[in-house]
Every structure is written in C-alpha cells, then in structure tokens.
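Student: Got a structure here, written out as structure tokens. Questions coming.
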C-alpha cells in the first residue's frame, strides 16, 4: 500500500518539491488571517479588515491563472522569483498604508494577493509532467493535498501566535519570509527552464473551452462555498453555545480529517475512473455534512465535523487528477491555478453568504447552507454532459 509513496519519494527533487512547497503554502493560509489581525488592530474596523482580505483573495483568484500561463511558457524559475520579490514589496505596502490611507491599503492588499505565488499549482504541475504512472501520480497528489491541509492548520495558528507575542504586523512579515524561502527552493529545484513547449495536438484556445473543464471549475466554486462557510458557521455555533474559545479548534478538525483521508486515499491503486471518483467524493461530502442537520447537538458536533472533513481529501485529489487528464501538459500551471481560483471565488461567496445566514437565522442554520453547497457541487458534477455547452 505504501509502494506509491515510496516510489514518489525516490524521484529526483521529490524532497525539495514537497519541503519548499510546504514552506511556501504556510503564508497562503496565514495572510488572510494576518490582514484581519493587522487592520482590525490598527483601524479597529472588522468591516475594513474583511474588505482588505477579500481584495487579497479575489485578486489572487483573478491573476494567478495568468501567472500560471507565464510559468508554462517561460518556466517556473523565470516567473516565481520576480513574482515573490514584487509580493514582498506589496506586503510591505499593506503595513505602510494600514494607518495612512484606506485606498492605499486596499490597492496594496490587491497587489499582494495578485503576486502571491500559488505554490500548489507549481508543485502539482511538476508532478503532472514528471509522473506517468497513475498510481504514483495519485500518491504525489495525495501528499500535495495533505500539505495543503497541514498549511491550513499550521498557518492560522502561527499567525495567532505571532500576533499575540510580537504584534499585529508580525504575521504578514513572517509570511513574506516563508514565501521567499519557498520560492527560492522551488526555483532552484525546477526542471522546466524555458517553459514547456506545446505539442501540435495541444489545444491553444481558452482552458474553459476544453471538454468538461468548465463543469469541473463550476462544481469547485460550489466546493469553495462549503470551505468558505464552514469557518463562519462553526465559529457562530461555538459562540452561541458559549464555547467561543473552542471554535478555532473545531474549525481545525476539518483539515485534520481531510489530511487523514488524503493519506489513506493515496495508498489505494484506483481502477475506478477519476471522474466517477470525483463525483462520488462530492456525494459522500454532501451525505456526511448532512449529519449535523439531524444531530444539532454541541456534544456531537466535533464528531460530525471530523466525518465531514474525511471527504475533502479524496475530493480535492480526484479533482486535481481529473484536471490533469483533461488539459495538455504544456498548460498545467495555468490549469491548476484556475482550479485554485475557482475554489477561492467560492470561498469568498460562501463566507459572505453564510455570514448573512447565521446573522438572520442562527448558527445551526448555517449547516443547511454548507450541505446545500456540497449538494450543488455534486449535482453539477453529475450533470457534466448537460452543463458543458461547447
């Protein structure tokens, strides 16, 4: 069962790809939280803090696919090093303008988000091009998924610790250090200098015009809405039942369950087609998240959160594997960046919509929104042929 993992770790540059990819991911999970810490502390406004964080997230979703296209064309090293340099300056701009100008703050929040390297797209593209064996590729993508979840456990915790010990500026500045270290490591271990030339058979039009890609990305927006809402809903429930300090720990159970299932998923040599695995994983997530609707009890909420999280790892791993099958190798960076952008758009929509739901109807009602988001993503995937119009 471990053969796939062992085979991946024996490949050239496996360790630096995983290690530096992990280091670079930490600020991905830190920075939105860090912006909220900084702006709410300095400006005493959670509205402005949320707006700056949204500018950061959405600008990354809009620009990262363009960055991915450049990396496909010119190579990882030629793109990621200047990008992280600009990102460091933009992040310094956030710190500089936070107490001077709202306009400057929002501009540099957007610029910082737009220039943050999406490390997961760089590393997954590397595996997609280097690994031909489907079992080994599944193992590599499983490890990547576990690293994503680990970052979302470690990142906010590190941000909170730095905020408490060193002040509100320190989480953002620490994120710059992590990003620079990760970018240098990924650049030095890159093997795609000069980019990846397209083959004559590669489709040169828009990625979204490739069969089923559009459907996949739309369903991932639904999945992102689930991700964006679970933090808001769980914190709201914890506050309502008088356990607000435990809310952060409850939120961390989601990625913990996902990391465990991701490891187990990568041990299996799947013979079921990946598109079916993706749809079944979404259906399982819908089923698991619906459990809380029938057991709205604070004593069992941690159990259902862990169970719900178990479906996340297989869903994301199969989504990445499916995308790799659908798109040309010469466009993997762009495609994986679009995948991340779809989830980010859903995150933004989900956090805003669920905030309204819990404000109007209470925290437990938010779980209906979470389950509906998973259900919508499942239905879109089930109707793949019907939703693809080109």
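Student: Apply the a/c threshold of 1.5 to the C-alpha gyration tensor of the chain and tell me whether it is rounded, prolate or oblate.
Tutor: Values: a/c = 1.56, a/b = 1.11, b/c = 1.41.
Oblate, since a/c reaches 1.5 and b/c is not below a/b.
Student: For a protection proxy built on the mean count of beta-carbon atoms within 10 angstrom, sort 141-147, 126-132 highest first, please. It would help to have the intermediate numbers written out before the result.
Tutor: Details: 141-147: 25.7, 126-132: 19.0.
Those peptides, ordered most packed to least, come out 141-147, 126-132.
Student: Please give, to one decimal in nm, the separation of the simple spin-label points placed at residue 9 and residue 191, each 7 Å out from Cα toward the Cβ.
Tutor: 1.9
Student: Using a Gaussian network model on the chain with a 10 Å cutoff between Cα atoms, which of 107, 158, 298 fluctuates the most?
Tutor: The residue with the greatest mean-square fluctuation here is 298.
Student: In which sequence would 116, 55 go, from the one with the fewest C-beta neighbours within 10 Å to the one with the most? Show your work: numbers first, answer last.
Tutor: Details: 116 29, 55 21.
Least crowded to most crowded, the residues run 55, 116.
Student: Would segment 200-390 count as rounded, prolate or oblate if I go by the C-alpha gyration tensor, calling it rounded below 1.5 in a/c and otherwise prolate when a/b exceeds b/c, oblate otherwise?
Tutor: On the way: a/c = 2.30, a/b = 1.80, b/c = 1.27.
Prolate is the answer for segment 200-390, as a/c is 1.5 or above and a/b outweighs b/c.
Student: Run the numbers for residue 99 and residue 276: contour at 0.36 nm per residue of separation, minus the present Cα-Cα distance, in nm.
Tutor: Working: separation 177, 0.36 × 177 = 63.72 nm, distance 5.09 nm.
Once the chain is fully extended between residue 99 and residue 276, it gains 58.6 nm.
Student: Same structure, new question: So how do 302, 378 line up by other beta-carbon neighbours within 10 Å, fewest first?
Tutor: Details: 302 13, 378 24.
By the 10 Å Cβ count, ascending, the order reads 302, 378.
Student: Can you give the helix-only mean residue ellipticity at 222 nm for the chain, where every DSSP H stretch with n ≥ 4 adds -39500 (n - 2.57) and the sum goes over all residues, rounded to the nearest 500 deg cm²/dmol?
Tutor: The helix contribution divided over the chain gives -27000 deg cm²/dmol.
Student: Quick one: go through segment 260-287 and flag any residue whose amide nitrogen is under 17 Å from the point 7 Å out along the Cα-to-Cβ line of residue 382.
Tutor: Label zone hits: 275-287.
Student: Now, a different point. Quick check: the distance between the Cα centres of segment 56-134 and segment 349-370, to the nearest angstrom?
Tutor: Taking the Cα centre of segment 349-370 as reference, the centre of segment 56-134 is 30 Å away.
Student: Rounded to the nearest 0.05, what FRET efficiency is calculated for residue 359 and residue 164 with R0 set to 30 Å and r the Cβ-Cβ distance?
Tutor: 0.60
Student: Would you mind classifying segment 62-162 by shape? Square roots of the alpha carbon gyration tensor eigenvalues, ordered a ≥ b ≥ c; an a/c under 1.5 is rounded, otherwise it is prolate if a/b is larger than b/c and oblate if not. Walk me through the numbers before you get to the answer.
Tutor: Details: a/c = 3.39, a/b = 1.62, b/c = 2.09.
It is oblate, given that a/c is not under 1.5 and a/b is not larger than b/c.
None of the figures in this text is laboratory data; all of them are computed from the coordinates on show. Please read these numbers as outputs of a predicted model, since none were measured by experiment. Reconstructed Cβ throughout: ideal geometry from the backbone, glycine too, with neighbour counts over all protein chains shown.
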